[in-house]
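Working notes, beginning with the structure itself.
The values are calculated or read from the model by the stated rules, or taken from the named source; none is laboratory data. Fair warning: this is a prediction, and the values are worked out from it, not measured in the lab. Virtual Cβ from ideal backbone geometry, glycine too; neighbours counted across all protein chains shown. Ligands, DNA and RNA are excluded from the accessible area calculation, which covers all protein heavy atoms including side chains. Shrake-Rupley method; radii C 1.70, N 1.55, O 1.52, S 1.80 Å.
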Amino acid sequence: LISSKCKLTSVLLRVLYLSVLVAFAACNAPPVPSDDIFIEKTFVPEQCVRAVKVGDYVRYHYNGMFPDGKKFDSSYDRGSTYNVFVGKKQLIEGMDKALVGMCVNERRLVKIPPQLAYGKQGYGDIIPPDSILHFDVLLLDVWNPEDSVQINTYHTPATCSRKVEVSDFVRYHYNGTLLDGTLFDSSHTRMRTYDTYVGIGWLIAGMDQGLLGMCVEERRIITMPPSLGYGENGDGSDIPGQASLVFDVVLLDLHNPRDGITVTNQIVPESCTRKTVAGDFVRYHYNGSLLDGTFFDSSYSRNHTYDTYVGRGYVIAGMDEGLIGVCVGERRTITIPPHLAYGEEGTGTKIPGSAVLVFDIHIIDFHNPSDTTEVTVTYKPEECDKKTKKGDFVKYHYNASLLDDTSIDSTYNYGKTYNIVLGVNQVVPGMEDGLMDMCVGERRHVVIPPHLGYGERGVIPGSAVLVFDIELVEMEEGLPEGYMFIWNEDVSPDLFSEMDKDNNEQVEPSEFTDYILRQVNEGKGRLAPGFDPYRIIDNMFSNQDRNGDGKITEEEFKLKADEASAHDEL
């Protein structure tokens, strides 16, 4: 029994010994390669719009290493990405498999067994036979020969009256990047839009396609394969060959060389008795902006209308056209293409070259240099036998306003009439016209063009048409034209003696003044109404005082009295 146990123990010891030898050999033997690649994703981007598929073309960077960390190759060292089709046996089998499913900017550590790399043959002096290869891969770009332009609109304006069409001229800003986000160009950094025609070959094909259908203020991401960008060779500087391009575009402006002006948003007053024609002088307010809403000028900010002739080339052609056929009080939006505005050069400051301009205008006033005073009788008393004429002294009330109904002044506010002598330039010519041939109690609506009002430099304001609603309250008949004093009765034959109260054979100024005033008070004579009586009398005395010594002799009096042209004299 003991002998049998010893034999069993010996067998077990031999089995255990062989097991240890096998384990030891397994620990020290070279590893057996896996049948497939091993992938470790060391960086995954937050967004992955597209993953690599078989048949895609990719651009990637890599470092190639052996398991001990020794580098055998690197695209970084060559300063150029590795560019190749995936799944078309242009790569070792393991790399073909490793790239599938990768996203742009994804980074992978790939371990490839020899049978999926260079196998038992290795690769010259660089890669020994049966080598396991490690690749640190960063994907930068992916596209497919079947790709077309991809458009992602991420902002659409509330209104879009027009979209980009072939042969339109556009102004836009953009940021241009590679698919991995590397910026290669930007109009924003140059602080100048990119200005070009669309669809006629002035742009790369992808941009020509990507801009079509855009609205002003729309924002798009336009992604294009290299076949629609800069192709195999890139641009020779910042864009490598075979690179997909991504443009973040905002459209600021578009027009067509065939465009004329466009008039919209018209608000026309109910009463419009007259519309502007070429040759009229117009006063209007405006806000000026570019097509994307960028403000560049306003008459309101200057608190002064823009005043000009229309149809005579005093303003840009589009505005000249847009101001024809408008009414006082009308509002309209005038959109003007650059060839009818400031053209390719712009103004050099606030208006860029080739810019479409948008003007929101409000017509305040207009007239024509040939206009006369417009008089409309709004009320006439039944009895109207006596009418105003030149020389009459009139008293009237008025309400004054501009043509847009802006109030200027009113005598009713002062509680007293405005008093003038007609025909002696005490009021503007248009008011003279408005007050002629008028009855007491009559009311009139008088429209006075500026050349018959206060002119270009008027006080309220320059070149303004004035509107007066007037009522004649009282009138006093004037003297015949050229007279400042007349006799109501026959002239006394002893006129000089009657004036010479102190009988010293000369008439002093005081004697002369007292005498004339007495004649007026007694109704024997009349002074021109509306003037200072003492100034009239002083003037009469000066005309009699021939030698200017301050007194009138009988000889001087006679000589003056004999003159046929004597009107305000005696």
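Structural remarks
- Residue in region 559-567 that is open to solvent by less than 30 Å² (accessible area, probe 1.4 Å) and modelled with pLDDT under 90 present: yes
- Segments classed as strands (runs of 3 or more DSSP E), wholly inside region 344-423, with at least 1 members that are touching a Pro at 6+ places or on another chain (Cβ under 8 Å): 357-367, 393-402, 418-421
- Each residue in region 257-272 was checked for being under 17 Å from LEU290 (Cβ atoms) and modelled with pLDDT of 95 or more, and 3 pass.
- Some residue of region 166-176 being surrounded by 14 or more Cβ atoms within 10 Å (Cβ to Cβ) and either assigned by the TED database to the domain that holds ASP73 or hydroxyl-bearing (Ser, Thr, Tyr) (or both): yes
- Unmet criterion (only one of (1) under 23 Å from SER401 (Cα atoms); (2) open to solvent by less than 60 Å² (accessible area, probe 1.4 Å)) for GLY279: (1)
- Sole residue being in the same structural domain as ARG444 (by the TED database) and either at pLDDT 90 or above or touching a Cys at 6+ places or on another chain (Cβ under 6 Å) (or both), chosen from VAL459, VAL465, VAL520: VAL465
- Residue check for GLY119: surrounded by fewer than 21 Cβ atoms within 10 Å (Cβ to Cβ) and farther than 19 Å from LYS41 by Cβ: yes
- Which numbered condition ILE126 misses (of (1) free of Cβ contacts under 8 Å to residues at least 60 places away in the same chain; (2) in contact with a helix residue (DSSP H, G or I) (Cβ under 7 Å, 6 or more places away or on another chain); (3) aliphatic (A, V, I, L, M)): (2)
- Residue that is open to solvent by 60 Å² or more (accessible area, probe 1.4 Å), touching a residue at least 60 places away in the same chain (Cβ under 8 Å) and not hydroxyl-bearing (Ser, Thr, Tyr), where the choices are LYS389, LYS416: LYS389
- Test for ASP469: is it outside any loop (DSSP other than H, G, I, E, B), open to solvent by 30 Å² or more (accessible area, probe 1.4 Å) and touching a Ser or Thr at 6+ places or on another chain (Cβ under 8 Å): yes
- Test: TYR454 is in contact with a His (Cβ under 7 Å, 6 or more places away or on another chain), open to solvent by 70 Å² or more (accessible area, probe 1.4 Å) and of a type in the set (Ser, Thr, Tyr): no
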